[in-house]
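Notes for the one structure printed next.
The values are calculated or read from the model by the stated rules, or taken from the named source; none is laboratory data. Owing to the predicted nature of the structure, the values given are computational and were not obtained by experimental measurement. When we count neighbours, we look across all protein chains shown, and the Cβ atoms used for this are built from the backbone with ideal geometry, even at glycine.
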Amino acid sequence: MHGRPRKASKPEEEAASAAKAVKLRSLQSQFMTYHHDKIYTKEAIELSTKLLEINPEAYTAWNYRKLAVEDSLSRIGPDPSLVKPILDEELRVVENALKQNFKSYGAWHHRKWVLSKGHSSTGNELKLLDKFQKLDSRNFHAWNYRRFVVELTNRSEQDELQYTDDMINNNFSNYSAWHNRSVLLSSLLANRADGFVPEKKIPDEYEIVHQAIFTDPDDQSGWFYHLWLLDQTVNVESPLLTSSWPSHGSSVILSGAGCFNGSPSNFTTFCSETGSFPLILYFDQAVGGVSSLTVTLDSELKGNENLVWEPISNKSSQVSCVWVARLNFSSQPCGSKDYKVKVRLGNSPGIVSSRGFNFSAPYEFVFTAHVHDPAKDSQERIVSWTDGFELWDAQSKDLNSLVTLGQLNAGIDLKWRQAAIDSEIECFRLLADSKIGKLTLARLLMASEAMMSDAAVKGVHYEEILQLYNDLMALDSSHHHYYKDEHSVAFLHKVTSSSESLSRYLFRYRDMNNLVCLRLNKLSLSRIASVNKLLFVQMLDLSHNELHSTEGLEAMQLLSCLNLSHNRIRSFSALDSLRHVKQLKVLDVSHNHIGKHSVDTTRYLCSSPLSNSDLSQDDVRRQNPGLVTKYWDAYFVLRDLNLKQLDIAGNEIAGDEFNSFVLQVVPKLVWLNGQKPGN
Amino acid sequence: MSETAVSIDWDRSKSEEEDDDEEEEEEYSSPMQSFPGPPPPPSANFEKDRHLVYLEMMYELLPYHYQSQEINRLTLAHFIISGLHFLNAKDRVDKDVVAKWVLSFQALPSNRVSLKDGEFYGFFGSRSSQFPVDENGDFLTHNSSHLASTYCALAILKVTGHDLSTIDSELLLLSMKNLQQDDGSFMPIHIGGETDLRFVYCAAAICYMLDSWSGMDKEKAKNYILNCQSYDGGFGLIPGSESHGGATYCAIASLRLMGFIGVDLLSNDSSSSVINPSLLLNWCLQRQANDGGFQGRTNKPSDTCYAFWIGAVLKLVGGDALIDKIALRKFLLNCQSKYGGFSKFPGQLPDLYHSYYGYTAFSLLEEPSLSPLCPELGLPLLAATGI
């Protein structure tokens, strides 16, 4: 790699810069000698000053100065009148360096280091900062240093809040000042400083941010702050239970493997080979500590004294929104019988959110389990997604026996929150002709719906929300996909907002115990939401949508048939969440994009689970390591499912080789692409 | 020539995630500065051959820079060599010469006992922070191994397919653990320095590349990262600081490397994740400005490198489909130099830093002539070398 002649530049430039370089090199090598020999004489220190004046980023020189200061301090003792000049000199060098390069990490760090040595005149620091911050009000080094000085000097957060007032009034688009305001206000609210209670302060903050937004609606600073305020208004710290299965007051019919005919249509019939059924708890945020100690069960069903609760999460994490325990019903005496089950939680502490807040509002729910003897073995018939559906019975329009659609714990202070949201909605209807105005209005309306408990008015906003997102998709094509996702979320919230709207999409699947089927096909959904309201669904048709992944469906522990055909699934990894759905027997992923995007499959090579040595070697891996490496994403999902029927036709990956691989991984498969394997 | 500016550029090794300063990366400016005249009209294509010429010239020039005692040469070398691999031109690199050169920057203790003294034995930025062995054979009076230099050194070795098992990774990792602070952050160098997300990322990438997490306490590092998430969903460099594109990349890529977040984070219910993905997504998408480019912070001009920093975050959380790719491509092409390489802003002269992140950005956009990208490492995906 040796020299190739460089392009010529003007001779005089060359000469000047060469001379400069020679000088620097000699300075530098002299400095390195001092540093190496630990020489901290006046002359040596001045040399480092010179270097830093030329290049404030020279971190070796800053480090040398720290050693030099330590050296001087160790020789003079604790006399403040001797210490001060030494530290003053350091501050002077830093200030000069900052004049040269305002963004020098090394210089700012050196200043912090000097202050932490106990320099007394910290009052000057804020003055210096005021000067710097006037020159560049967005410099994040200066803001970080400001927070450091404030902490060091115990300056009050309220004074600092006033400073952000001044900065913001001076220039509404100073994002850094808005940011600092959020930091200060969070801390003041968390510590309940005098007068700083959310129900008072948050509405005040809305007023302040309105001035910025209405002065310059094109500036993002105010909008981000507004979004943060909305978050503060909507989110409640303590975790809440949002739903459960079975839900309060419901009845379920439980039976062993096989077909149980003639079940009344307003009950869920659940058949299980293992003689157990899932009890699902769905929280509004990820929690840990769900166990037989924190959730108590009063049940006539025997053999459930020490329930094991498992978090349903894709990581090996011990926190999750969804927790499941399996209740045994097979050890009951023969003959049909009803059993009452009462579940209580929140009576003893232990359920804690990942942010450290306790589940505190005690809650209990009761359901009835009808246990039936197992019926005769069923034949393994193919599930067709085209017929066999019966409309939802008009009499069972009232879904209360299956699901609770309202809020469970309304024990939070909603009043000021609703009032704040309502006044914001009114205010932002005025700005609804701009993109960000529409987006904010849509978010406010969603927040309003989330807090509404009055069934009579619940759901009134959804048409408007959907229209806003439609407008946005047309107006702002570069964020089209984002709006589309939000549109899907709003649509699913709408569907699950009342039993009337939900029952429009519900069916019974005749051939399999009158399975409860939800058909959300051909709705151009790009995201799944509201799963907490759909825990009772056993058969789900999501075909002809625009879904990329099944994330979220893992909570649907009753799901036995899933149709994802004609979507945008790009790899089996996107189906990873289904590994938690042990009940799943029928899966249709035909006509997706699996295998089409080689890039995405390759990228997993660096984090492929195959490299994890903890994984046990099974027969498939031993016999066919090549195919496992090639189709590892399919391998990891399929081997954990108990599928009887799989459809993968119409994907790039489909073909004889892949089909035979599937049959090795899932030997119990009865139907593959509509045919019995081996025929 | 810009020779002088380059020669004392002491701290560039730390700046690779650095921010939005006009002067900041000037030092990387190429010898092309001597070409006068207005910028040529932008090409409508990714000009692979010109980039190849540009990088090759940089590659050839390395020895000259060496003479001028340029201090963060490992970082520059990483941009050149990894850049050549993005351009699928690994044949232009003499793998063995490069490996030998990189390994010569490694810091080693005089004996294993001195490990206990809290020093870090990684790689230093360049010769001028390396001290000669003195008469007693006493090596390393001041060991200035730096986390960013170490990341760059390992990146080069990894990309060129050097067998990393020849490195004493236990020594490197155990000594690196000395740099981790109680709050989970890392300082870059054992004698001290600012601690922030840049060095958490370097440490995570180092552990990942050496395939061992003995170099850090992952839980602590995770908690530090989570403390850096700001109210708008982005991440600042230290807890309480303003969201910043580079810091957000460091946060998300580290969480991914450490295994705390998976693919398709966005489709997850936001509350079940360790971070707040919906706010993060919102913040990231708002960084794409009207000109199609990405800005590092709100109300700042678009800059080539943030197409990678923010684009990679979106890729890592499964939100890359939401990028306006046509507009981004157009912006990047405006920053593509006629002579090869990319500049920070449209119409300026190219530099190595922005060129490298221009290549990564085009790779993210799935430019056919480029090697695909491993977003969490910021390196080309090369099946042969296990990346």
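A few notes on this one:
- Among the residues of the stretch A:347-359, those that are in contact (Cβ under 8 Å) with a residue 24 or more places away in the chain and surrounded by fewer than 21 Cβ atoms within 10 Å (Cβ to Cβ) comprise A:347, A:348, A:349, A:350, A:352, A:354, A:355, A:357, A:358.
- Residue ID - surrounded by the fewest Cβ atoms within 10 Å (Cβ to Cβ), chosen from residues in the stretch A:282-307 that are within 14 Å of chain B (Cβ to nearest Cβ) and farther than 12 Å from residue A:241 by Cβ: A:288
- Being outside any helix (DSSP H, G or I), surrounded by fewer than 20 Cβ atoms within 10 Å (Cβ to Cβ) and among the charged types (D, E, K, R) is a property that residue A:166 lacks.
- Criterion: surrounded by 17 or more Cβ atoms within 10 Å (Cβ to Cβ) and more than 9 Å from every other protein chain (Cβ to nearest Cβ) - qualifying residue of A:182, A:176, A:243: A:243
- Hey, residue B:338 basic (Lys, Arg), on the phi < 0 side of the Ramachandran plot and away from every other protein chain (no Cβ under 13 Å) or not: yes
- Any hit, the stretch A:508-515, residues being assigned to a strand (DSSP E or B), crowded, with 22+ Cβ neighbours inside 10 Å and of a type in the set (A, V, I, L, M, F, W, C): yes
- Only one of A:488, A:501 that is crowded, with 19+ Cβ neighbours inside 10 Å and in a helix (DSSP H, G or I): A:488
- Qualifying residue in the stretch A:199-208 (condition: in contact (Cβ under 8 Å) with a residue 60 or more places away in the chain and touching an Asp or Glu at 6+ places or on another chain (Cβ under 9 Å)): yes
- The stretch B:356-377, subset hydroxyl-bearing (Ser, Thr, Tyr) and modelled with pLDDT under 95, residue surrounded by the fewest Cβ atoms within 10 Å (Cβ to Cβ): B:369
- Residues of the stretch B:321-335 that turn out to be at the interface with chain A (Cβ under 10 Å from one of its Cβ atoms) and surrounded by 19 or more Cβ atoms within 10 Å (Cβ to Cβ), as a count: 3
- Exclusive hit being within 14 Å of chain A (Cβ to nearest Cβ) and touching a Leu at 6+ places or on another chain (Cβ under 7 Å), set B:173, B:164, B:157: B:164
- Pair list, Cβ < 6 Å and 6+ apart or interchain, from the stretch A:17-42 residues that are more than 16 Å from residue A:59 (Cα to Cα) and more than 9 Å from chain B (Cβ to nearest Cβ) to residues that are of a type outside the set (Phe, Trp, Tyr) and part of a helix (DSSP H, G or I): A:40/A:68; A:40/A:71
- Check on residue A:229, more than 22 Å from residue A:441 (Cα to Cα), modelled with pLDDT of 90 or more and outside any loop (DSSP other than H, G, I, E, B): no
- Among the residues of the stretch A:542-575, those that are within 11 Å of another protein chain (Cβ to nearest Cβ), touching an Asp or Glu at 6+ places or on another chain (Cβ under 8 Å) and not in a loop (DSSP other than H, G, I, E, B) comprise A:573, A:574.
- Within the stretch A:516-533, tally of residues that are out of contact with any Gly (no Cβ under 6 Å at 6 or more places or on another chain) and in a helix (DSSP H, G or I): 2
Let's see how each residue does on (1) over 20 Å from residue A:564 (Cβ atoms); (2) out of contact with any helix residue (DSSP H, G or I) (no Cβ under 6 Å at 6 or more places or on another chain); (3) basic (Lys, Arg):
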site	(1), (2), (3)
A:496	no, no, no
A:506	no, yes, no
A:519	no, yes, yes
A:534	no, yes, no
A:541	no, yes, no
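- Residue A:537 away from chain B (no Cβ under 14 Å), among the β-branched types (Val, Ile, Thr), buried (at least 21 other Cβ atoms within 10 Å of the Cβ) and in contact with a Phe, Trp or Tyr (Cβ under 9 Å, 6 or more places away or on another chain): no
- Cβ-Cβ under 6 Å pairs, at least 6 apart or on other chains, the stretch B:364-377 side facing chain A (nearest Cβ under 7 Å), far side in a loop (DSSP other than H, G, I, E, B) and of a type in the set (Val, Ile, Thr): B:374/B:387
- Checking each residue in the stretch A:504-532 for being out of contact with any His (no Cβ under 6 Å at 6 or more places or on another chain) and either among the acidic types (Asp, Glu) or within 13 Å of chain B (Cβ to nearest Cβ) (or both) picks out A:511, A:525, A:526, A:527, A:528, A:529, A:531, A:532.
- Of the criteria (1) assigned to a helix (DSSP H, G or I); (2) surrounded by fewer than 12 Cβ atoms within 10 Å (Cβ to Cβ); (3) at pLDDT below 75, which one residue B:165 fails: (3)
- The set of residues in the stretch B:294-328 being of a type in the set (D, E, K, R) and assigned to a helix (DSSP H, G or I) consists of B:315, B:320, B:325.
- Within the stretch B:172-220, the set of residues being surrounded by fewer than 24 Cβ atoms within 10 Å (Cβ to Cβ) and part of a strand (DSSP E or B) comprises just one member, B:180.
- Helices (runs of 4 or more DSSP H) lying entirely in the stretch A:52-152 (those with 3 or more residues that are on the phi < 0 side of the Ramachandran plot, without any contact (Cβ under 8 Å) to a residue 12 or more places away in the chain and surrounded by fewer than 19 Cβ atoms within 10 Å (Cβ to Cβ)): A:59-76, A:80-100, A:123-135
- Residue A:134 fulfils the conditions (1) in contact with a Phe, Trp or Tyr (Cβ under 8 Å, 6 or more places away or on another chain); (2) charged (D, E, K, R); (3) away from chain B (no Cβ under 14 Å) except for a single criterion, (1).
- Within the stretch A:621-634, if we keep just the residues that are more than 27 Å from the chain's Cα centre (by Cα), part of a helix (DSSP H, G or I) and buried (at least 18 other Cβ atoms within 10 Å of the Cβ), the residue that is modelled with the lowest pLDDT turns out to be A:621.
- Among the conditions (1) aliphatic (A, V, I, L, M); (2) out of contact with any helix residue (DSSP H, G or I) (no Cβ under 6 Å at 6 or more places or on another chain); (3) within 25 Å of residue B:85 (Cβ to Cβ), the only one that residue B:179 does not satisfy is (3).
- Of all residues in the stretch A:475-485 being within 13 Å of chain B (Cβ to nearest Cβ) and either touching a residue at least 40 places away in the same chain (Cβ under 8 Å) or among the aromatic types (Phe, Trp, Tyr) (or both), the one that is surrounded by the fewest Cβ atoms within 10 Å (Cβ to Cβ): A:476
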